[in-house]
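Throughout, read-outs are computed from the coordinates displayed, never taken from laboratory work. If you're wondering where the values come from, they're calculated on a predicted model, not measured in any experiment. Positions of Cβ are backbone-derived with ideal geometry, glycine not excepted, and every protein chain shown enters the neighbour counts.
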Ligand SMILES: *Cc1c(COP(=O)(O)O)cnc(C)c1O
């Protein structure tokens, strides 16, 4: 026999399924009523009435058999538990940082970091602050500056690393404010708020060398560090032969610390950490952890959560997993753009973003085109997406409204949860909606809270 090597075109899910969770089918009439009862706000739907839930990729992933077995063998001691030491060893191995402070999720790590380092009048440069990061910077009186490259703000522009920071702008900011007003420089990898777009190693190095030159600490918001490593391997010269863990280790080696939400590339349902090299800062951070999270060897997590993260961090760096993960997101993006739907290009790691302004030119921004599309996806296919547009960003502190920069609908893909046929169904439903887009109506707000209104506002279609 002389069989040729087989390299399949199809990238299959690199797992088989042994525990299943039924999803519930509803009729369009049922969904019309459910959505009306939810004030036309997908956040207010009960999850059991959603067929495919793409609200977020945060904490919604499937655990592996290895994670479950680690969780059963966890140590729930209040202080000094074995589960903590396994967690600490995994974080130290991958990041190289000396001190590891567990937290219940990413924003808790941000709270500890910024309460410790930032004060009124300071500025924090980042490629793009994620909303919780911005909130913690601002809560401590500092100003959050977004310095992503211009390409990162143009949905249709193709660029391999749209998450990169504009280093000329960074130098200008340091010159303008002076190093004493800049307690840290941050890079978010991948850049969540900018469409899950990666940052190149070259950019990480450049930002790091600017930070070192000015003696400013450099932190990474590492929530999707594994996906970012995969993009570097696929797109950056010199990294084709490197493993994702080697790339991740190199990236962290240029920084002084990181904040992490284990609900993303920690492959866990809850958890996070702050990791850093500075002894003095670690001491202060641990004191604050005791106050707000718990004893520093559990930091708001159960022992079994720390086990899940310790194992999950390595699983997120598995080549087979990353190839499938990034390919399945791109696969959805290709299906939609081949049908003529305008999406943020190229697709990022964890989500596909549809440009609703393009799809629904007849709906003005302040009648919320992206909200309208997101509701139509639920009515059509039982799909829950999230609006990233004028409902989320339009309400100003003085109570007036202004259109958001972009009107996007984000389809975030939970990790290891949906199969290719789910994605095929999803694409069909989106394309079906697109072909009837002239039927979609704008919305008006009926009631809303003063801040973060998208979570609880009630709306109504404009007939
Ligand atoms: C999710 C996220 C956070 C916050 O993490 P939580 O676990 O949700 O508190 C911070 N930064 C980025 C880039 C994120 O995606």
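Over the chain, the alpha carbon radius of gyration divided by the compact-protein estimate 2.2 N^0.38 Å works out to 0.97. Residue ranges 104-112, 341-349 sort as 104-112, 341-349 when ordered by packing (mean number of other C-beta atoms within 10 Å per residue, highest first). Each listed q (0.09, 0.15 Å⁻¹) maps to a log10 I(q)/I(0) for region 65-315, found by the Debye formula over equal Cα scatterers with no solvent: -0.36, -1.00. Do you know the relative contact order of region 65-315, to the nearest whole percent, from alpha carbon pairs under 8 angstrom that are 6+ apart? Result for region 65-315 is 31 percent.
Here residue 180 and residue 463 are evaluated by their C-beta separation; at R0 = 41 Å the FRET efficiency comes out at 0.10. In plain terms, the residue of 115, 133, 433 with the fewest other Cβ atoms within 10 Å comes first and the most crowded comes last, giving 115, 433, 133. When DSSP assigns beta bridges and you keep just the ones with both residues in the chain, what percent turn out antiparallel, to the nearest 5? DSSP beta bridges in the chain are roughly 65 percent antiparallel. Fewest-first ordering of 281, 276 by other beta carbons within 10 Å of each residue's beta carbon gives 281, 276.
Centre-to-centre, using Cα atoms only, region 168-233 and region 59-89 are separated by 31 Å.
Footprinting exposure proxy ranking of 422, 454, 136, fewest other C-beta atoms within 10 angstrom first, gives 422, 454, 136. For region 242-308 versus region 350-410, the spacing of their alpha-carbon centroids is 33 Å. Take the alpha carbon gyration tensor of region 161-306, find the square roots of its eigenvalues, order them as a ≥ b ≥ c, and report rounded if a/c is under 1.5; if not, report prolate when a/b exceeds b/c, else oblate. Oblate is the answer for region 161-306, as a/c is 1.5 or above yet b/c matches or exceeds a/b. Could you check what % of the DSSP bridge pairs in region 65-315 are antiparallel, to the nearest 5? So the antiparallel bridges in region 65-315 amount to around 50 percent. Given in Å, the Rg to one decimal and the Dmax to the nearest whole number for the Cα atoms of region 1-99 are 21.9, 65. For the chain, the relative contact order comes to 22 percent (Cα pairs under 8 Å, sequence separation of at least 6).
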